[in-house]
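Engineer: Just dropping this structure here.
Rule-based calculations on the coordinates, nothing more; no lab input. The structure displayed is predicted, hence computed values, not measured ones. Neighbour counts are summed over all protein chains in view; Cβ atoms, including those assigned to glycine, are modelled from backbone coordinates with ideal geometry.
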Amino acid sequence: MKYSTIKGSFSERRRIPLLGRIRLGLKVQKVRADKSVVEYPTETDYFVVPPEVAAIVGEKPTELTVMLPSDDVATVFPQNLAWFGRSTGLKCTGNMEEAERLDPQTGQWNKMQCPCPMLKTDENPKGECTESGTLVVILPEVSMGGTYQIRTGSYHSVVDINSGLDFVRALIGRISMVPLKLRRTARETHNDGKKQIHHTLSLTIDANIKGINALRGNTKQVLESARLIQIEGPVAVDPENDGLPPDRVEEAEVVDPNAGKLEAGKEALAAQRTGGAGPTTPAAPGAPAPAKTAPAAPPPVDNSTAGQDGGKSGGSEGGPDLRMVPDAQLRVPIGELQKNTDGEGILSKIERNFNLQPGTLPQDPEARSLYLEALWEGVGDLQKLKAAAQPKKGRS
């Protein structure tokens, strides 16, 4: 036969297959006490790798040796906005200027303006369209026969990977087929004013000047060889529902009957602090927390006489009976608040904030700790009221 190949892409293109995915967290399935099942993702500080990768680099690697199969950043690290349907897969993808959205009736992808109201932002936290990047790599220590993909939605990871790619290209003249280190790196973030530690991605080259010069020497040959290779693109998979079974199944969750009271207590305590009353740090275990004004600690309650009038000195129906309070730490601030009408009013307000019936105490240990803290803040508020009510002395 005279002809054995067809000119053009039919016979001249080459494709590297996708071997698998590497994840940056686990999918956890929690079974509640009422038998309902909740599934959610949780971040890890290591790469969650397929079995064939774990056999070479270990079960929980924090560093991978990788190579990029192409010199085209758009191929090896595509970044976009993506909106996934719960059952329909990818519904829309864009770049903050334009997007393509799937018409479920015709199956056609139609162009539209981007962004749209589905974009998830601080002002729109319920949006379902999110930013992400997918890194396509070869793991030379595992197999040169295909690629693995790693998807990240982390802003810091995307910035660090893009920066690493630009730096490698500046050093060598290419990014393809260069041995690189992909690492999980602990980074402190401050979202909504809250300090958090996340393990983001960094891409670096571990080579001295001799190694850099050696890599530069075969740049032309590598680029020509890779020119006809077509990379099998990333699989568009919803990170919230990646189609894989849970990595971990937790034990049945005990439903705490005081959970609602605990959350209400936390909110009430936060609101009380916002108003400027009381200390800003929790009480140390085993000791009451002082108020901001550092008042003198109230004297211990004499349990032999406490409660002879029902445990109250002001006659209110709201406070717990001191004779029935088993925790000595609670008896002291409760006794101080029950000494007058103002204090009993503060105590009743604290009870309402914790959704407590008059005369009852929180049963949950954490709720009781918060309740104790709120009581001492109430004592501080009471002392401020007393100080404000005293007549000021004139200047001498």
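Engineer: What spacing in nm lies between the two simple spin-label points modelled at LEU18 and ALA388, each 7 Å away from Cα in the Cβ direction?
Structural biologist: According to this spin-label approximation, the distance is 6.4 nm.
Engineer: With the cut-off at 1.5 for a/c, could you classify the stretch 119-200 from its C-alpha gyration tensor as rounded, prolate or oblate?
Structural biologist: Working: a/c = 2.21, a/b = 1.89, b/c = 1.17.
Prolate shape, in that a/c is at least 1.5 and a/b is the bigger ratio.
Engineer: If I model a spin label as a point 7 Å beyond the Cα along the Cα-Cβ vector, how far apart are those points for VAL31 and GLU141 in nm?
Structural biologist: Those two pseudo-labels are separated by 3.7 nm.
Engineer: Additional query: Which order do the peptides 141-151, 337-347, 114-124 come out in when sorted by mean C-beta neighbours inside 10 angstrom, highest first?
Structural biologist: Numbers: 141-151: 17.8, 337-347: 20.3, 114-124: 13.7.
Going from most to least packed, we get 337-347, 141-151, 114-124.
Engineer: Related question: Using 1/(1 + (r/R0)^6) with R0 = 56 angstrom and r between the beta carbons of LYS349 and GLU52, what's the FRET efficiency to the nearest 0.05? Numbers along the way, then the final one.
Structural biologist: Numbers: r = 62 Å, r/R0 = 1.10.
So, using R0 = 56 Å, E works out to roughly 0.35.
Engineer: Could you give the nm distance between label points at ASN162 and ASN208, where each point is 7 Å from its Cα heading toward the beta carbon?
Structural biologist: Those two pseudo-labels are separated by 3.4 nm.
Engineer: Going by a ≥ b ≥ c, the root eigenvalues of the Cα gyration tensor, does the stretch 1-63 fall in the rounded group (a/c under 1.5), the prolate group (a/b larger than b/c) or the oblate group?
Structural biologist: Numbers: a/c = 4.57, a/b = 2.47, b/c = 1.85.
Taking the square roots of the gyration eigenvalues as a ≥ b ≥ c, the stretch 1-63 is prolate.
Engineer: Pairs to check: LYS339/LYS384; LYS30/LYS195; LYS349/LYS386. Give those whose C-alpha atoms are more than 24 Å from each other in this structure.
Structural biologist: Working: LYS339/LYS384 15 Å; LYS30/LYS195 26 Å; LYS349/LYS386 18 Å.
In this structure, LYS30/LYS195 exceed 24 Å between Cα atoms.
Engineer: So, R0 is 45 Å and r is the distance between the beta-carbons of THR62 and GLN363; what FRET efficiency does that work out to, to 0.05?
Structural biologist: Details: r = 42 Å, r/R0 = 0.94.
The calculated FRET efficiency here is 0.60.
Engineer: Moving on. Give the residue list of trypsin sites (Lys or Arg not before Pro) in the stretch 29-70 that are DSSP loop and have at most 10 other beta-carbon atoms within 10 angstrom.
Structural biologist: Numbers: sites: LYS30, ARG32, LYS35; in loops: LYS35.
Loop-located and lightly packed - LYS35.
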